[in-house]
Amino acid sequence: MLLHHFVIVSKAAKDYSVRREWRHFDDLDTLHRQSVTLHDDLIQYLSDSLDRIPCFNPSTQTYQQGLSRYGISVITTVEAVTAGEVFNAWARLFAAGPQNLHLTGSYAYCDGNPDSGKRQDLAFDRDEIVATLTALSSMCERVSRGNHAEYLLHLGI
């Protein structure tokens, strides 16, 4: 299963702005256990709005717009306000929908046959998605009030 992990990290424990800190990730299993996860299909569905979130990429030591789908993204105090608003808006939108959410996914082909292409039907449980997006919004709120002591770490697929 292709999952994106989000976890709050103390800057004192791992300073995102120091490149050598990211060469070895000894505590990756612990971070995964403590994380909130979103499926890659949902990240793709939300991608237009997630691209509005400014992030720091510790691998390249640069700021970018949007999450790094295949790498690490850091959402700091200032960016956490925008991220929290985006996650909260999606949570409210999905909360108004049916229990079984059916979303239109990417265009895909079956067995490489160009005549077999169609949009994927993505199925999610509304309450599970709303709870996850609400948790992410709360995490962003905590980071935004944390006076730069913590950040939200996104681990892409």
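We did not get these values from a lab; they are worked out from the coordinates using the rules stated. Computed from a predicted model, the values in this text were never measured in an experiment. When we count neighbours, we look across all protein chains shown, and the Cβ atoms used for this are built from the backbone with ideal geometry, even at glycine.
Below is a table of values for the structure above.
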| item | result |
| --- | --- |
| All-pairs alpha carbon distance profile, segment 3-155, 10 Å steps from 0, percent | 11, 38, 31, 15, 4, 0 |
| Contact order normalised by residue count of segment 3-155, Cα under 8 Å, 6+ apart, percent | 32 |
| Mean separation of Cα contacts under 8 Å, 6 or more apart, over the residue count of segment 52-107: relative contact order % | 26 |
| By average C-beta atoms within 10 angstrom, highest first, the peptides 57-65, 102-110 | 57-65, 102-110 |
| Charge sum, other residues only, whose C-beta stays under 11 Å from Ser47's C-beta, Lys/Arg counted +1 and Asp/Glu -1 | -2 |
| Most mobile listed residue (Asp51, Asp127, Asp111) in the chain, GNM with C-alpha springs under 10 Å | Asp111 |
